[in-house]
1. Take the range 3-89, drop everything but the C-alpha atoms, weight them equally and run the Debye formula without solvent; then report log10 I(q)/I(0) at 0.12, 0.19, 0.22, 0.23 Å⁻¹ to two decimals.
2. Between the helical axis of 290-306 and the dominant principal axis of the chain, each derived from Cα atoms, what acute angle in degrees is found, rounded to the nearest 10?
3. Once you keep just the Cα pairs under 8 angstrom separated by 6 or more residues, what percentage relative contact order results for the chain?
4. Could you line up 332, 399, 106 from fewest to most neighbouring Cβ atoms inside 10 Å?
5. Using the alpha-carbon centroid of each, what span in Å lies between the range 59-87 and the range 159-224?
6. By how many degrees, between 0 and 90 and to the nearest 10, does the Cα long axis of helix 351-368 differ from the longest principal axis of the chain?
7. Mean separation of Cα pairs under 8 Å and 6+ residues apart, divided by the residue count of the range 3-89: what relative contact order is that in percent?
8. Go ahead and estimate [θ] at 222 nm for the chain from helices alone: -39,500 (n - 2.57) per DSSP H run with n ≥ 4, summed, over the residue count, rounded to 500.
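Taken together, the values in this text are just the output of simple stated rules run on the coordinates, not laboratory data. In this text, all values refer to a predicted model and were calculated from it rather than measured experimentally. No Cβ is skipped: glycine too gets one built from the backbone with ideal geometry, and neighbour counts run over all protein chains shown.
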């Protein structure tokens with residue numbers, strides 16, 4: 001009996017897919033950039049089934065690629081072209097197991113959609129603050145495997161910071177039950193952190209216990225027009241000093257990004273009477289009432305204008321206003337995709353050098369190829385920029401992709417000079433694996449390889465990714 005036939009004995013009739021036509025959607029990444037092949041797709045419904053599948057693969061030496069919502073941007077959940085791997089899809093592991101409102105925790109399975117976790121928390125008058133543009137399709141397991149960031153890292157942290165415990169199927173098929181909801185546990189190594197951000201290379205995350213927070217009673221969103229990125233950083237410092245933990249998000253958008261959203265998605269982009277080089281979107285939450293949130297946000301925006309840090313501002317006066325302002329920011333990735341895509345860089349930088357990095361790197365890129373266009377947006381509050389390089393309007397998008405290697409050299413050399421990171425939140429996957437070998441210190445790489453050898457001695461989990 002071949003191993004795929006054995007697999008069918010472990011799950012129900014709908015749990016195994018092995019025809020090329022039916023597997024197609026699992027074998028191409030969200031951007032359509034990475035394509036692979038697999039011998040079969042398995043969709044377990046329980047942790048026990050997952051463990052049995054991993055045990056089978058360990059006996060037969062079958063590589064395993066774990067996939068959740070398939071919304072990643074670096075090819076981390078796409079198998080290679082050998083056709084030997086099993087793609088293990090976690091989407092049927094989708095139960096909310098438990099909500100503890102006394103300890104403010106929620107325990108969910110890896111295949112739960114992020115939006116469903118948010119909704120389950122909200123139904124108990126709680127907030128699960130991880131928020132991404134793909135929250136309607138990405139899964140908690142994928143969020144944890146990539147240590148997802150999103151728009152509220154400034155106040156609540158990355159996925160890593162929101163996780164109290166994990167349940168993981170190890171390479172042997174054994175299940176580590178680490179679903180403890182303790183805020184304090186100083187009894188040894190914090191093992192869950194090995195699996196968070198590991199991109200499926202060390203084990204299969206099957207469930208997690210996550211932190212919840214009191215649901216804010218009100219929020220206000222301000223949109224500020226700015227003359228420069230340096231001014232945005234000044235406003236961020238002012239906002240931090242004024243708002244403290246009430247400041248949950250601080251996003252920036254360059255004018256070309258906003259223009260693209262308006263042109264391709266038909267959205268009203270002119271919040272102001274004229275275009276400005278940069279816009280900043282900040283969110284203020286309040287546990288008192290809406291009037292207080294609005295008053296404090298207006299006061300902050302007004303102070304920034306009086307100090308000549310901002311040129312103009314609008315503040316939301318309703319939930320609909322909040323949503324409309326956020327839509328402008330959240331629509332940028334879709335607008336870029338409709339425009340044909342671009343060469344993406346998900347970088348983090350010290351705030352002190354961010355303005356000079358953008359200015360100098362853009363100058364270097366346009367000197368190299370004047371037909372290029374730099375589109376910058378991101379989470380300024382946590383130093384994460386999406387520094388994307390496409391083609392100017394009217395030019396073919398192929399201009400950027402044909403020069404991708406040179407563009408990357410210019411960008412990543414500048415990141416290194418600033419002491420930044422080549423990946424802030426998207427991960428390494430296939431896209432940046434080889435780059436990481438060049439830029440990470442050798443001792444870091446050897447420690448990573450040592451952890452991989454110990455936890456996955458056969459090298460079956462997600463081969464060809466990360467390291």
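1. -0.32, -0.79, -1.04, -1.13
2. The answer is roughly 60 degrees.
3. Values: 955 pairs, mean separation 72.4, N = 467.
So the answer I get is 16 percent.
4. Values: 332 23, 399 16, 106 27.
Result, fewest neighbours first: 399, 332, 106.
5. The distance from the Cα centre of the range 59-87 to that of the range 159-224 comes to 22 Å.
6. Approximately 90 degrees, to the nearest 10.
7. Details: 147 pairs, mean separation 32.5, N = 87.
Relative contact order of the range 3-89: 37 percent.
8. -10500 deg cm²/dmol
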